[in-house]
Amino acid sequence: MTPSDFPDLPDLESYSQPLEGERELLEIELLLEGVHRLYGYDFRNYALPSLRRRIWHQVHAEHLETISGLQEKVLHDRACFERFVYSLSIPVTEMFRDPPLFRAFREKVVPLLRTYPYIRIWHAGCSTGEEVYSMAILLHEEGLYDKSRIYATDMNGRSLQVAKEGIFGIQKMKQYTKNYLEAGGTRSFSEYYTAKYNSVIFQPFLRKNMIFAEHNLATDQSFNEFNVIFCRNVMIYFDEKLRNRVHSLFHESLNHFGVLVLGAKESIHFTDYTDCYEPLDRVEKIYRKIK
């Protein structure tokens, strides 16, 4: 299975009209409450505008007319539920995405990691795994991968399966190679994969220290202690309550002086944990836990 196996998705912005009123809001609340109570997936504290667009996208994808119709189908059809979950966690990722961040990680975080006898890294919301393979390559080039474990989690089982297989579309390699070089890559990027037909598969040694598992940031608890946590461009879809819940989870999961890496549109500021970190790189949103 590769990302190309997933159906094309329409422009979510096409569902950006104002809320129709209390009826629509009630339909959304009932749908999310039903999903939470029956399946244990909690989307109730996702930011409403983007959540609503994705719900309407799925209403039309299922050839329905109302959110209530989607609720009925989701609650009675497991396959429909899985499509619904996928629609709320559409993977947007690439190898070495935002190259300056990975360059900053090499320069400012890798020297800290060299002092540890063993390294644990958590990629929370790893999607289809491109960021995870990027980290494995970076650690390999820095001579740290053999003493590292990368825990890659996502709530979407379909995305995790793609990540486990390490098979990606060959048409993406030109952009990924460009990102890799801009991120400070020291070798030929093509050394890390084998091309076959219209896909590439990454070398098995990159997967040897990866652990993939389903984990829902909205409901699940801490499961280990980490030196680094990556969570990029995930919390932009959460409301303030859920963001604080996730920051609590990360703070609990990081060891002292552990490093938290956030996305470009995210910040530690205006959370309950602002004073618990110091910036290693303000621009690239890399923070170190100090209390």
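The values are calculated or read from the model by the stated rules, or taken from the named source; none is laboratory data. Computed from a predicted model, the values in this text were never measured in an experiment. Neighbour counts are summed over all protein chains in view; Cβ atoms, including those assigned to glycine, are modelled from backbone coordinates with ideal geometry. For accessibility, only protein heavy atoms count, side chains too; no ligands or nucleic acids. Shrake-Rupley method; radii C 1.70, N 1.55, O 1.52, S 1.80 Å.
What to note about this one:
- Residue satisfying all of: in segment 113-135; touching a Lys or Arg at 6+ places or on another chain (Cβ under 8 Å) and of a type in the set (A, V, I, L, M); surrounded by the fewest Cβ atoms within 10 Å (Cβ to Cβ) among these: Ile119
- Residues that are open to solvent by 50 Å² or more (accessible area, probe 1.4 Å) and either among the acidic types (Asp, Glu) or on the phi > 0 side of the Ramachandran plot (or both), drawn from segment 278-289: Glu278
- Residues that are outside any loop (DSSP other than H, G, I, E, B) and among the acidic types (Asp, Glu), drawn from segment 121-161: Glu130, Glu131, Glu141, Asp146, Asp154
- Number of positions in segment 162-184 that are closer than 19 Å to Arg106 by Cα and not in a helix (DSSP H, G or I): 2
- Beta carbons closer than 7 Å, at least 6 apart along the sequence or on distinct chains, pair a first residue in segment 258-278 that is more than 17 Å from Phe238 (Cβ to Cβ) and at pLDDT 95 or above with a second that is assigned to a loop (DSSP other than H, G, I, E, B) and open to solvent by less than 10 Å² (accessible area, probe 1.4 Å) for Val259/Val109; Tyr277/Ile268.
- Flag if Asp154 is buried (at least 18 other Cβ atoms within 10 Å of the Cβ) and not aliphatic (A, V, I, L, M): yes
- The listed residue being assigned by the TED database to the domain that holds Asn233, closer than 25 Å to His251 by Cβ and in contact with a strand residue (DSSP E or B) (Cβ under 8 Å, 6 or more places away or on another chain), out of Arg149, Arg114: Arg149
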